[in-house]
Structures are given as structure tokens and as C-alpha cells.
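Asker: One structure, pasted below without further comment.
The values are calculated or read from the model by the stated rules, or taken from the named source; none is laboratory data. Remember, it's a predicted structure, so these values are computed and weren't measured experimentally. For neighbour counting, all protein chains shown are included, and Cβ atoms are generated from backbone atoms with ideal geometry for every residue, glycine included. For accessibility, only protein heavy atoms count, side chains too; no ligands or nucleic acids. Shrake-Rupley method; radii C 1.70, N 1.55, O 1.52, S 1.80 Å.
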Amino acid sequence: MANHMNAAKNKAAGKSLLGGAMIIAGTTVGAGMFSLPVVGAGMWFGYSMLMLVGIWFCMLVSGLMLLETNLHFEPGASFDTLTKETLGQFWRLVNGLSITFVLYILTYAYISGGGSIVNHSLEGLGINLPQSVAGLVFAGVLAAIVVISTKAVDRITTVMLGGMIITFFLAVGNLLIDIDTAKLFMPDGEQSYAPYLLAALPFGLASFGYHGNVPSLVKYYGKEPKTIIKALFIGTFIALVIYSCWLMATMGNIPRSQFVDIIAEGGNMGVLVGALSDVMANSWLNTMLTLFANLAVASSFLGVTLGLFDYLADLFGFDESRSGRFKTAAVTFIPPTVLGILFPNGFLIAIGFAALAATIWAAIVPAMMAYKSRQMFAESDSFKVPGGTPLIAIVIIFGLVTGACHLLAMAGILPVYG
């Protein structure tokens, strides 16, 4: 047993903490960049920040609860195994369906957003494409990378993440210098902001989804809770900082009233980037912003579709041969791409639906599994999330309330800005 422990220790020692933290940050920062300023326009900056911090806390805790359960199983055990062993066949099915739905709907959202941003970029070069064609080009190029290999995705995502960080701080750094504090804290128009918070909750939840990567980190580091906890904390905190800077940059430069027009155009990414470009005095900075938007949506697309690709290959039993990967690719990419061509402007609606299903597998199920695994492994002295059952209850309530808010907002019962 002692030898086994030493082997596990050495395994983690060679793996950098930064690597795991960047995987988490890269997965987390995505959907939220372009949906948060638009859905936060109603409640504006103060409430948006309050909501972000609250959601970051709940989603970090639910990730740690998932880790707590995962540590009772062998490294490499998937979400599927964990739900089956702790909660049984029914929850395994519910969880599997919600994961598949989220991954598919996000793939569609990124094709919609990618088409919008590719279009915005090409217009700058004087090329006009129908948005559905732009979405097709975007999906085609990136799908090819996923089909080639996981290693290709890994290498390209690393380059993209580097590019994203550089372009983000070049473009947003300048916007942050030019912030108009009156716009941030005393926006024009009506005086009620708080009621809009409820309809925005699901988008906040969708902005902090990294939970599919927790089993991957356990596989990567071995049973090293200290390292993984740090990676989860640092990765999600980086995402929180980036989102906060982004909200400050957008809301400090675009007047609140202008968001009404952005929302009217479907709230798609190209429209938001276009509105920011109008504020930027410098065409070079404008290029940086457009480049950032392209990289952000492309890296998220690769992260999501790689997960979906591996999940479907496992589900249908397709092998790694060329024909096997081709079959998997067809199942992965054709349905969302067809949707992207038929409904090119569904970006925000899709993210909302993704959040609805994500409440199940990123909040409710991890909390239930932690509760169950504490009963099953009562004798175990492995890592436990502090806070006991009350904290588990808080995460489950957070999941239920967020899901309810999405349904109520869709039914037109909650106030939605724009």
C-alpha cells in the first residue's frame, strides 16, 4: 500500500498545477464572454458582479463535491460511472441525457456565435457572406481539427489560449482605461435593476461550467486532492477575474440604452463586438478585439466538441480507426451544423437552454452524489467539502432556483430587459 501511495505522489509531482488550472480556466471562459454583458444589461454592473461572485462560489463548491465523490473511485472513472454507482440507473440516465443535450446545444450556440463573428470579421475585409454560410465554414474548419486527433485539439487550444489572453488584455486593457464611471454606476433610463437578476441567473451558471473536466483532472493528477482543489480554485478564479474585467469594459463603454438594439438583433456575438468597435478609437485595437472574439469562440467550440466527440464514440462504441472517427464526427457535427444553418441567430436562446440542463449535472447531481457518498463511504478519511449537509442543500437549491428562473423567463413571467 505504501509503495502505491508513493507512486501516486510522484505521479502528481511531475504535473504542473498551472496546467490543470489553465484547463479549467480555458473551459470555463467561453459562453459567458458574449452572453453576460447582454443578459446583464437589465440589472447592470453592480448586480451583475454580485451575481457572478455568488454563482462562482456555488459552482466552485459543486465542482469540489464532484471531486469528493470522484476520489472514492479509481482515477479515470467517468461522470457516468460515478452517477451509476452512487445514485443508481435512473440518475445515470438523467445525467447522461442532460450532458449530451448541453454539449449538443453548446456546439450549436458556438456555430451560431462563430458564424456571427466570422461574418463581422469578413465585413471588415469587405467580404459579405450569408451568416449560415459563415457558420458552416467555421464548423467545418474546426470539426476537421477534432477529427484529426485529441492531440491536435490540445496543441491548437494551447496556442489559442495564449493568443486569447494577449488579445484580451490588449483590447480590454484599453477599454478599461477609457471607462466612464457614470455609465457603470449611474446608467441612464429606468431605476429598477434588481428584478432583472433572476432571468440572468441561468446565463451566469452557463458561464461557470467546467464540471466535465473534474474526472479528467483526477485521471491526470491521480488521487491528489490538494493539487486538484488548487487547480479548481485558481482556474475558476481566473475566469471570474476575466468576466469582471469584461463586464467593466463593456458596461463602462456602451450605454445601457444601446443594449436594447443589441438584444433586438438576437444578442449575437458579432453585434456586441460591432458595438464595442464603434467605441474604440483605434482600428488596431478593434482588430485585437475581433481576433479575441474569434479565438474565444473557437477554443470553446473545440473544448465542447472534443468532449461530445469522445462521449459519443464511447456511447456508440465507434473505434479509433479512420472510419470509426468519421462516423463519430458525423454524429457529433451534422445535427448542430444543420441547426446552425437553419437558425443562425439562436446564440442566446441556446445558451439559456444549455444552462437549464446544466443545472442538473453541474449543481444538483454533484451535490446529491456528495450526500450519498458520505453515507456509502462513512469510514473513509478522504477529502470532504466543509459545510456539511447545509452546504449541499444550498447548492441543490441554487440549481433548482436557476432552472426555475429559466422556465419562468421563457414563459414571460420574469422581467427580461430589451
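Asker: Does Ser299 count as of a type in the set (Ser, Thr, Tyr) and closer than 18 Å to Val29 by Cα?
Answerer: yes
Asker: Let me ask you something else. Does Leu295 count as under 13 Å from Gly135 (Cβ atoms) and open to solvent by 20 Å² or more (accessible area, probe 1.4 Å)?
Answerer: Values: under 13 Å from Gly135 (Cβ atoms): no; open to solvent by 20 Å² or more (accessible area, probe 1.4 Å): yes.
So Leu295 does not fit the description; no.
Asker: Turning to a different aspect of this structure: Tally time: how many residues in the stretch 298-339 are crowded, with 19+ Cβ neighbours inside 10 Å and outside any helix (DSSP H, G or I)?
Answerer: Residues meeting the conditions: 1.
Asker: Please state which of the following conditions His120 fails to meet, knowing it meets all the rest: (1) within 30 Å of Met186 (Cβ to Cβ); (2) open to solvent by 20 Å² or more (accessible area, probe 1.4 Å).
Answerer: All conditions pass for His120, except number (1).
Asker: Within the stretch 151-159, does at least one residue satisfy the condition of being touching a Gly at 6+ places or on another chain (Cβ under 9 Å), buried (at least 22 other Cβ atoms within 10 Å of the Cβ) and closer than 27 Å to Gly20 by Cα?
Answerer: yes
Asker: From the list Val241, Val297, pick out the single residue that is β-branched (Val, Ile, Thr), in contact (Cβ under 8 Å) with a residue 40 or more places away in the chain and within 22 Å of Val172 (Cβ to Cβ).
Answerer: Val297
Asker: Still on this structure, I have one more. Being free of Cβ contacts under 8 Å to residues at least 12 places away in the same chain and not in a helix (DSSP H, G or I) is the filter here; which residues of the stretch 259-294 pass it?
Answerer: Ala281
Asker: Cβ-Cβ under 8 Å, sequence separation 6+ or interchain: first residue in the stretch 200-226 and farther than 17 Å from Val61 by Cβ and polar (S, T, N, Q), partner open to solvent by 30 Å² or more (accessible area, probe 1.4 Å) and modelled with pLDDT under 90. Which pairs?
Answerer: Ser216/Ile23
Asker: In addition: Counting just the residues of the stretch 246-271 that are open to solvent by 30 Å² or more (accessible area, probe 1.4 Å) and farther than 21 Å from Val118 by Cβ, which one comes out modelled with the lowest pLDDT?
Answerer: Among residues in the stretch 246-271 that are open to solvent by 30 Å² or more (accessible area, probe 1.4 Å) and farther than 21 Å from Val118 by Cβ, the one modelled with the lowest pLDDT is Ala264.
Asker: Which numbered condition trips up Asp178, out of (1) buried (at least 16 other Cβ atoms within 10 Å of the Cβ); (2) over 30 Å from Gly76 (Cα atoms); (3) more than 21 Å from the chain's Cα centre (by Cα)?
Answerer: With (1) buried (at least 16 other Cβ atoms within 10 Å of the Cβ); (2) over 30 Å from Gly76 (Cα atoms); (3) more than 21 Å from the chain's Cα centre (by Cα) applied to Asp178, the lone miss is (1).
Asker: Quick one: how many residues across the stretch 218-236 are within 17 Å of the chain's Cα centre (by Cα) and open to solvent by less than 10 Å² (accessible area, probe 1.4 Å)?
Answerer: 4
Asker: Please go through the stretch 16-26 and pick out each residue that is of a type in the set (Ser, Thr, Tyr) and crowded, with 24+ Cβ neighbours inside 10 Å.
Answerer: none
Asker: Checking the structure you have, find out if any residue of the stretch 207-224 is acidic (Asp, Glu) and closer than 30 Å to Phe383 by Cα. Working first, answer last.
Answerer: Of all residues in the stretch 207-224, those acidic (Asp, Glu) come to 224.
Retained after the next criterion (residues that are closer than 30 Å to Phe383 by Cα): 224.
Yes, because at least one residue in the stretch 207-224 is acidic (Asp, Glu) and closer than 30 Å to Phe383 by Cα.
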